[in-house]
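Heads up: the structure comes next, in C-alpha cells.
The values are calculated or read from the model by the stated rules, or taken from the named source; none is laboratory data. Since the model is a prediction, treat every value here as computed from it, not as a measurement. Because the Cβ atoms are built from the backbone with ideal geometry, glycine has one as well, and the counts that use them run over all protein chains shown.
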Amino acid sequence: MISESSEARRATQVDARPVDARAVDYSRVFTQAIDRLHAEGRYRVFIDILRNKGMFPNARCFAGHNGPKPITVWCSNDYLAMGQHPKVIAAMEEALHDVGAGSGGTRNIGGNTHYHVDLEAELADLHGKEAALLFTSGYVSNEATLATLAKVLPGCIIYSDELNHASMIAGIRNAGCEKRVFRHNDLAHLEELLAADDAGAPKLIAFESVYSMEGDVAPVAAICDLADKYNALTYLDEVHAVGMYGARGGGISERDEVADRLTIIEGTLGKAFGVMGGYIAADRTIVDVIRSYAPGFIFTTSLSPVLVAGVLASVRHLKSSSVERDGQQAAAATLKAMLSDAGLPVMTGETHIVPVMVGDPVKAKKISDILLAEYGVYVQPINYPTVPRGTERLRFTPGPAHSEAMMRELTDALVEIWGRLDLRQAA
Ligand SMILES: Cc1ncc(COP(=O)(O)O)c(C=O)c1O
C-alpha cells in the first residue's frame, strides 16, 4: 500500500532528464549579446561615484583609481542641484524621523500617505490642472498612462514624435493601438498624418517639450492648434522642463502660457526637482481613469514618504524662487559660448542642455575616458539607442554651481583632446 506521504512526495518530483539533446546554450547566447555591444563600441560602463553634499558639482569617483578621486560632474540631470538643497534635505530628514522609511504598500493598500496627497495637490496646482497622480518614476508615468489611455479609448490612434523617449514608445507599444510617427517637431508632417485618418477616430498626440538629447523645444502652441483642428487629445512630456521653465517651474507649457490647452502634462521628480518619482497632471476624470486602470500605478508599492517629502519641499521652493533657474540658464549660455568660440561642435539650441557632437561611439567613449582619467571631468558618452547611430555625443548639463573657471578648464581640456584625437571641429 502506498502511504500518503510517499504520494505527496511523488507529486512534487519531476523527471529532470532533458527531453532533447539539442539544448540551447543559454550562456553562449547571453555572452554573444554582450559581445555585440562591445563590437559596436557601445557597451555601457557605469562609473562609481559619490556626490559631496553641499558641494555639487564636486564628487568622488571610486572605479579604476587608488581610492576616491575628486571629480567634477558635468552630466547630472539634477539640473538645479535641488537634490542637495538644505530645504529638501531637512524635509526628508524630518519625514524619516516622523514616519519611517517606506510607505508600506500600494496606494490602494496602506501606501497612500498624507505626503502623497499633498504632493499631488501641489503638482496639480503647478500646472493649473484639477488633479495629479504620482508614479514611481517618469518612465513608469509615461508607460502606464499612454498604454492605459489608448486601451480606454477603443480605436485610438497615437501620433508620436520620432524622437520621443523610450518610455513613451514603450507605452504606445503596450497600448497595442494604431500609431503614426511624425518627423521631429514637423508640424506639416503631423498635420498630413492627422488629416489622412478617419475624422471620427479618437486621436492622441504624444510629444515632449524639451528634447533632452538635442536641446531643442517643441512648438507646443502650434501642436495644440492642430489638436483642436483634428479633435485630438494632447500628451506632453515635460520631464526636462519642469522646475526649469516658467515663472513657477511649470515647464515650457507655463512659459508659453498653454498649460490649459494640453490634456495631460507629464513630469519627473528626479531631474530638476532633484529627488525621484514621476507624475501626470490632467482633469479629474482622466486622472481617475489612470488611477483606476493603469497596472503600472496600481500594482506597485508607492514612493517612500521620505522621497515625497523631499519633492514637496523642492516643488514648493521652485514655485517661488527663480534664482536656481536663472543661474542655470546663465551657466548654459556661458558654456555654449565658450565651446563655440573654441571651435568645438556644440549644438546651440535654445535650452539648458549643451550637447557636443562626436558622431562615433568609440570616439565618444574615448573622449569621456580621457576627461575622467586625466582631467577629473565626468561626462558620460551618449550612444545608440539613446540617440540615433552616427550622432553619438557628449551631453553637458552645467548648473548654477558650475563656475566660469570650471567651464574654462573644461573647454581647454576638450580643445586639447580634440587636437590629440584629430576630431572634427565645428563646421
Ligand atoms: C523625455 C524623458 N521622459 C521620461 C523620462 C523618464 O523619467 P525618469 O528618469 O523619472 O524615469 C526621461 C528620463 O531620462 C526622459 O528623458
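Here ALA175 passes the criteria (1) of a type outside the set (Ser, Thr, Tyr); (2) within 16 Å of the ligand (Cβ to nearest atom); (3) in contact with a Ser or Thr (Cβ under 9 Å, 6 or more places away or on another chain) except the one numbered (2). Residue count for the stretch 383-396 satisfying the condition of being modelled with pLDDT under 95, buried (at least 22 other Cβ atoms within 10 Å of the Cβ) and of a type in the set (A, V, I, L, M, F, W, C): 0. In the stretch 348-360, is there at least one residue being of a type in the set (Asp, Glu), closer than 27 Å to VAL239 by Cβ and outside the structural domain of TYR245 (by the TED database)? Yes, the conditions are met somewhere in the stretch 348-360.
Among residues of the stretch 148-162 that are in contact (Cβ under 8 Å) with a residue 12 or more places away in the chain, those with a beta-carbon under 8 Å from a residue that is in a helix (DSSP H, G or I) and among the hydroxyl-bearing types (Ser, Thr, Tyr) at least six positions away or on a different chain give the pairs THR148/TYR293; LYS151/TYR293; VAL152/TYR293. Residues that are surrounded by 22 or more Cβ atoms within 10 Å (Cβ to Cβ), away from the ligand (no atom under 16 Å from the Cβ) and closer than 30 Å to ASN174 by Cα do not occur anywhere in the stretch 311-334.
Determine whether VAL73 is crowded, with 18+ Cβ neighbours inside 10 Å and in contact with a strand residue (DSSP E or B) (Cβ under 8 Å, 6 or more places away or on another chain). Judged against the criteria, VAL73 is a match.
Just one residue in the set GLN32, GLN84 is of a type in the set (S, T, N, Q) and exposed (fewer than 13 other Cβ atoms within 10 Å of the Cβ); that residue is GLN32.
As a summary of the residue check, ILE353 satisfies the conditions (1) touching a helix residue (DSSP H, G or I) at 6+ places or on another chain (Cβ under 9 Å); (2) more than 14 Å from the ligand (Cβ to nearest atom); (3) under 26 Å from ALA405 (Cα atoms) except for the one numbered (2). Taken over the stretch 91-113, residues that are loosely packed, with under 13 Cβ neighbours inside 10 Å and assigned to a loop (DSSP other than H, G, I, E, B) amount to 4.
If you check GLY251 against the conditions, is it crowded, with 24+ Cβ neighbours inside 10 Å and either in contact with an Asp or Glu (Cβ under 8 Å, 6 or more places away or on another chain) or farther than 23 Å from PHE297 by Cα (or both)? So GLY251 fits the description; yes.
Results for (1) within 16 Å of the ligand (Cβ to nearest atom); (2) outside any helix (DSSP H, G or I), shown as yes or no for each residue.
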position: MET244; (1), (2): yes, yes
position: VAL275; (1), (2): yes, yes
position: SER292; (1), (2): no, no
position: LEU303; (1), (2): yes, yes
position: LEU307; (1), (2): yes, no
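The single residue among ASP260, ASP256 that is more than 11 Å from the ligand (Cβ to nearest atom), touching a helix residue (DSSP H, G or I) at 6+ places or on another chain (Cβ under 6 Å) and acidic (Asp, Glu) turns out to be ASP256.
Among all positions in the stretch 214-231, there is at least one residue which is modelled with pLDDT under 95 and either outside any loop (DSSP other than H, G, I, E, B) or not assigned by the TED database to the domain that holds VAL140 (or both).
Looking across GLU214, GLU238, one residue alone is within 20 Å of the chain's Cα centre (by Cα), more than 22 Å from GLY296 (Cβ to Cβ), within 16 Å of the ligand (Cβ to nearest atom) and surrounded by 18 or more Cβ atoms within 10 Å (Cβ to Cβ). It is GLU214. Filtering the stretch 135-159 to residues that are away from the ligand (no atom under 11 Å from the Cβ), surrounded by fewer than 23 Cβ atoms within 10 Å (Cβ to Cβ) and outside any helix (DSSP H, G or I) leaves LEU153, PRO154, GLY155, CYS156, ILE157.
Within the stretch 363-389, residues that are closer than 17 Å to PHE62 by Cβ sit with their Cβ atoms under 6 Å from residues that are of a type in the set (Ser, Thr, Tyr) and at pLDDT 95 or above, at 6+ positions apart or across chains, in these pairs: LEU372/TYR378; VAL377/THR72. Please work out if LYS53 is touching a helix residue (DSSP H, G or I) at 6+ places or on another chain (Cβ under 7 Å) and exposed (fewer than 12 other Cβ atoms within 10 Å of the Cβ). So LYS53 passes the test.
Residues that are over 15 Å from the mean Cα position of the chain (by Cα) and within 13 Å of the ligand (Cβ to nearest atom) within the stretch 160-171 comprise SER160, ASP161, listed in sequence order.
Here is a yes/no grid of residues against (1) among the hydroxyl-bearing types (Ser, Thr, Tyr); (2) closer than 20 Å to MET276 by Cα:
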position	(1), (2)
ASP25	no, no
PHE30	no, no
LEU50	no, yes
ALA59	no, yes
ILE71	no, no
ASP78	no, yes
LYS87	no, yes
ALA90	no, yes
THR106	yes, yes
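Sub-6 Å Cβ pairs linking a first residue in the stretch 125-147 that is touching a residue at least 24 places away in the same chain (Cβ under 8 Å) to a second residue that is away from the ligand (no atom under 16 Å from the Cβ) and not in a helix (DSSP H, G or I), at least 6 apart or interchain, are LEU126/GLY250; HIS127/GLY250; LYS129/ALA282; GLU130/ASP283, ordered by first then second residue.
It is to be established whether one or more residues within the stretch 185-205 are within 13 Å of the ligand (Cβ to nearest atom) and surrounded by 15 or more Cβ atoms within 10 Å (Cβ to Cβ). No: the stretch 185-205 contains no residue that is within 13 Å of the ligand (Cβ to nearest atom) and surrounded by 15 or more Cβ atoms within 10 Å (Cβ to Cβ).
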